[in-house]
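Novice: To start, I am sharing the structure in question, which I have written as structure tokens.
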Amino acid sequence: MPKIVDHEARRLELADAVGRVIAREGVNEVSIRSVAAEAGWSSGALRHYFTTRAELLAFACEQVVQRVTTRIAGLRHTGTIHQAVRDTLLETMPIDARRHTEAAIAFAFLALGLSDPHLGEVQRTHFDGMYGLCLQLIEGLDSEGLLAPHTASTELLARRLHALVDGLSIQRLAGHLPPESMVTQLDAYLAEITLGAGETRG
């Protein structure tokens, strides 16, 4: 009886191999050959699933976005809404080894997308999703009356939050900030835009 091959599982196996190569050697070392070797495959076998490096990277990025989205959806918040917002955002930021690798994959498309339209589209999808998450969080705070008095629209506040989260993440990936400083900066900004315990918005 012919062996049944789970093609989607094999594609996911390759996406995981991309992550390991990036974590160990950096995104510049991702190639058909290096990922095939990491996965224990031949380059020819890998090309049955991805014919170019760009396709391989794009799929790996899509898997990162899906994993983070699934984790966020599975969060069970038991504290305040402020804590829920913080925990949600930290799922997207490189505060530990796993999330560092995920962020490295996602932000690799900043440069790669400038020369490859397909990879540029993957990056835009990533940015759109992150902005959508920030808008959802800001609107949630607003609906609960927890935003500090402001004149900016919720859309503008979401853009600012998105810029902060991505900016801190990039600085962490570049080695400019240690994880604890990144988290401290996020906490400071959230404290700035939200009301403290017992405060009410006039």
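The values are calculated or read from the model by the stated rules, or taken from the named source; none is laboratory data. Source: prediction; values computed, not measured. For neighbour counting, all protein chains shown are included, and Cβ atoms are generated from backbone atoms with ideal geometry for every residue, glycine included. In case anyone asks, the SASA skips ligands and DNA or RNA and just uses the protein heavy atoms, side chains included. Shrake-Rupley method; radii C 1.70, N 1.55, O 1.52, S 1.80 Å.
Novice: Taking the simple approach of a point 7 Å from Cα along Cα-to-Cβ for both residue 13 and residue 184, what is their distance in nm?
Specialist: Placing both labels 7 Å along Cα→Cβ, they lie 4.5 nm apart.
Novice: Which residue, chosen from 51, 132, 18, occupies the Cα position most advanced towards the positive end of the dipole of the chain, where the dipole is computed from +1 (Lys, Arg) and -1 (Asp, Glu) charges on Cβ about the Cα centre?
Specialist: Towards the positive end, the residue furthest out is 51.
Novice: Just the number please: accessible area per residue for the chain, 1.4 Å probe, all protein chains included, in Å².
Specialist: For the chain, the solvent-accessible area averages 54 Å² per residue.
Novice: Right, another one. I'd like the carbon and sulfur percentage of the solvent accessible area for segment 58-202, probe radius 1.4 Å, heavy atoms only, ligands and nucleic acids excluded.
Specialist: 56 percent
Novice: Can I ask one more? Select from 163, 42, 112 the residue farthest towards the positive end of the dipole of the chain; place +1 on Cβ of Lys and Arg, -1 on Cβ of Asp and Glu, and compute about the Cα centre.
Specialist: Most positive-ward Cα: 42.
Novice: A further question on this structure: Give the peptides 22-35, 90-103 in descending order of average Cβ contacts within 10 Å, highest first.
Specialist: 90-103, 22-35
Novice: Does segment 96-197 classify as rounded, prolate or oblate by the C-alpha gyration tensor (a ≥ b ≥ c root eigenvalues; a/c under 1.5 gives rounded; else a/b over b/c gives prolate, otherwise oblate)?
Specialist: oblate
Novice: If you take every residue apart from residue 20 with its C-beta less than 13 Å away from the C-beta of residue 20, what net charge results, scoring Lys and Arg +1 and Asp and Glu -1? Show your work: numbers first, answer last.
Specialist: Details: positive: 24, 98; negative: 13, 16, 25, 29, 38, 102.
Taking every Cβ under 13 Å from that of residue 20, the sum is -4.
Novice: Here's another thing I want to ask about it. Over the chain, what is the mean sequence separation of C-alpha contacts under 8 Å (at least six apart), divided by residue count, expressed as relative contact order in percent?
Specialist: After rounding, I find 18 percent.
Novice: Name the most mobile residue of 169, 42, 143, meaning the one with the largest mean-square fluctuation, in a Gaussian network model of the chain with Cα contacts below 10 Å.
Specialist: 143
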